[in-house]
Amino acid sequence: MAGSTAIDPALVERFHTALGRLNPGGGRIGLAVSGGPDSMAMLLLAHEAIPGHFEVATVDHGLRPEAGGECALVAKTCETRGVTCEVLAIEVPEGNVQAMARLARYEALSAWAERRRLAAVATAHHVDDQAETLVMRLNRGSGVRGLAGVRASNYPFEARFEAPVIRPLLGFRRAELRSVVKSARVAFATDPGNSDDRFERVTVRRELAAADWLDPRALARSAAHLAEAERALEYLTDRVYPEFVEHFASHAAIQPPPDRELARRLVERVIASLNGSARGSDVARLVDGLARGEDGNVGGVLARNENGVWVLRPEPARRRN
């Protein structure tokens, strides 16, 4: 480690330990740095903990006039520290701007990671982000998968990531990351969207800050426990899939299991195997309907209850929207 005295060595050591768990092979990693205080803190911690073993990408979505200056700030900060940095300019398709921007960002980072042969890409999600995510999803009635929150390591399926996305700051509070950039006297960008009450996360953040009886670390631990439960449920689904599901040339047949959650996961997997795509809430409604003996269709897949067996097949092309 670099051993600078500007940043609290204990924070650097914690970051180094987190990276060791998430990147046990020790390969060169990439950091996704927006220019905000959290990702700039990650850049500074990496410079202290693993100098010369990482590089940076900053994404210009072109959605705000300040974006170019924020990318330039990241590039300049990297240049002064001898860190390789690349600006990834992307175009965001029309539609749900936030969702489309996220997908385009991950696709760009995926291509960058593959081109640079990186072992992993790190993002700057932290304890407070995790707590906010848990509260938001509780308010939506999410299931185990949603309540598991932001994973410490995963492969964003939308972008077909070859390298995992890792989140080494999930054990850090927002205030600790602010202390890092303050100690290093490094400038950072401020996204005006982070104070816009029209966004659900901003409202939740404000309410959590006012509720001093709520402990964000405890909320984040709950999300971690739920992530463990999610992994166990996925393991169980892997094990019992051949017992309950049989595939044929034109369709798949499911012997409904006794547990609704297991049934939902089996149906979800069968839909994916038939090249369909459906949200969890839609799959849950389909499962409930099949259990009542009703037929249905979701995500390009037709489903029928045939004498107690759930038969799923691709929807004919002429009927697809």
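The values are calculated or read from the model by the stated rules, or taken from the named source; none is laboratory data. Everything quoted here is computed from the prediction, not taken from an experiment. No Cβ is skipped: glycine too gets one built from the backbone with ideal geometry, and neighbour counts run over all protein chains shown.
In the list Leu44, Leu73, Leu88, Leu103, which residue meets the criterion of being among the aliphatic types (A, V, I, L, M) and crowded, with 22+ Cβ neighbours inside 10 Å?
Leu44
Within the bounds of region 149-165, is there any residue that is crowded, with 19+ Cβ neighbours inside 10 Å, among the acidic types (Asp, Glu) and farther than 22 Å from Glu261 by Cα?
The answer is no; no qualifying residue exists.
Has region 189-197 got any residue that is farther than 12 Å from Gln130 by Cβ, surrounded by 17 or more Cβ atoms within 10 Å (Cβ to Cβ) and either in contact (Cβ under 8 Å) with a residue 24 or more places away in the chain or touching a strand residue (DSSP E or B) at 6+ places or on another chain (Cβ under 8 Å) (or both)?
The answer is yes, given that some residue of region 189-197 is farther than 12 Å from Gln130 by Cβ, surrounded by 17 or more Cβ atoms within 10 Å (Cβ to Cβ) and either in contact (Cβ under 8 Å) with a residue 24 or more places away in the chain or touching a strand residue (DSSP E or B) at 6+ places or on another chain (Cβ under 8 Å) (or both).
Kindly evaluate Glu91 against the criterion of being assigned to a loop (DSSP other than H, G, I, E, B) and under 22 Å from the mean Cα position of the chain (by Cα).
yes
Against the conditions (1) farther than 30 Å from Asp259 by Cα; (2) surrounded by 18 or more Cβ atoms within 10 Å (Cβ to Cβ), where does Ala227 fall short? Just the number, please.
(1)
Any idea which residue in region 1-41 is farthest from Ala120 (Cα to Cα), counting only those that are surrounded by 18 or more Cβ atoms within 10 Å (Cβ to Cβ) and more than 20 Å from the chain's Cα centre (by Cα)?
Ile7
So, Thr237, is that one assigned by the TED database to the domain that holds Arg265, part of a helix (DSSP H, G or I) and out of contact with any Gly (no Cβ under 7 Å at 6 or more places or on another chain) or not?
Answer is yes for this residue.
Taking Leu134 as the residue in question, decide whether it is closer than 28 Å to Ala284 by Cβ, surrounded by fewer than 20 Cβ atoms within 10 Å (Cβ to Cβ) and of a type in the set (A, V, I, L, M, F, W, C).
The answer is no for Leu134.
Assuming Arg185 fulfils every condition listed in (1) out of contact with any helix residue (DSSP H, G or I) (no Cβ under 7 Å at 6 or more places or on another chain); (2) within 18 Å of His125 (Cα to Cα) apart from one, which condition is it?
Result: Arg185 fails condition (2) only.
State whether the residues of region 216-228 include one that is modelled with pLDDT under 95, within 25 Å of Ser153 (Cα to Cα) and assigned to a helix (DSSP H, G or I).
no
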